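Contents: one structure, followed by commentary.
The values are calculated or read from the model by the stated rules, or taken from the named source; none is laboratory data. As the structure is a prediction and not an experimental result, all values here were calculated from the model. For neighbour counting, all protein chains shown are included, and Cβ atoms are generated from backbone atoms with ideal geometry for every residue, glycine included. Calculation scope for accessible area: heavy atoms of the full protein, side chains included, ligands and nucleic acids excluded. Shrake-Rupley method; radii C 1.70, N 1.55, O 1.52, S 1.80 Å.
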Amino acid sequence: LVPLIIYRSHYIAGNTKPVAELCMQLTSWGLQPMPVYVSNLRDAAMLDELYRFLTGNGQIYPASLINTTSFSTKSLTDDQPENEFIFSRIGVPVVQAIFASCTLEQWEQGLFGLPPIDVAINIALPEMDGRIIGTAVSFKSDKGRDPLTDSTIVAYEAYVPGCARVANMIHAWV
């Protein structure tokens with residue numbers, strides 16, 4: 001069992017193509033993916049419920065986790081012992097899969113990889129939680145303009161090579 005932790009807002013917005021691709025890649029390795037959509041990883045009650053759900057109250061043992069949420073779940077004023085932290089309690093490798101804030105074209109043409117905001121919220125801060133940094137599994141894509149609001153419609157598209165790499169990392173851990 002490999003749970004994927006994803007922001008609930010992606011589900012609400014229909015940005016599920018990267019999740020579907022990750023699931024397909026994991027399944028190709030004979031693994032059982034389980035997408036789990038959350039509002040955040042900072043609310044203590046939500047974290048307790050997530051722990052109970054992911055472990056079946058101690059009866060289920062995930063092989064690994066894939067996390068796509070940004071930031072760290074810890075804070076500088078957090079006095080919670082390390083062994084009570086959700087990822088420590090579950091006790092399996094947690095791979096950070098990145099939903100990039102830029103387009104694939106911007107990433108490919110850039111000289112420094114992901115934009116600084118992604119490096120901060122999807123690489124540096126998640127490392128504070130002990131996450132293993134994977135790679136980008138999706139990029140934003142312009143879907144045209146909404147005729148009613150005249151705003152640009154943006155969606156996340158799966159980055160197949162990135163999804164394959166993250167699935168390969170998970171397979172190597174199990």
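Nearest-5 percent of antiparallel DSSP beta bridges in the chain? Taking every DSSP beta bridge with both residues in the chain, the antiparallel ones total about 25 percent. A 1.4 Å probe run over the chain, with the rest of the protein chains in place, finds 53 Å² accessible per residue.
Here's how it looks for Val174: its modeled amide H is under 5 Å from none belonging to a residue 5 or more places away or on a different chain.
Between amide H atoms placed 1.01 Å from N, distances below 5 Å from Phe71 occur with Asn122, all of them 5 or more places distant or on a separate chain. Close amide H pairs (under 5 Å, H built 1.01 Å from N) link Met34 with Val2, Leu4, residues at least 5 positions away or on another chain. Dividing the convex hull volume of the alpha-carbon atoms in the chain by its residue count gives 129 Å³ per residue. Its relative contact order, with pairs defined as Cα atoms under 8 Å and 6+ residues apart, puts the chain at 26 percent.
Note on the range 76-165: Cα Rg divided by 2.2 N^0.38 Å, N the number of residues, gives 1.37. In this rough spin-label picture, where each label sits 7 Å from Cα along the Cβ direction, the Gln59-Met46 distance is 2.7 nm.
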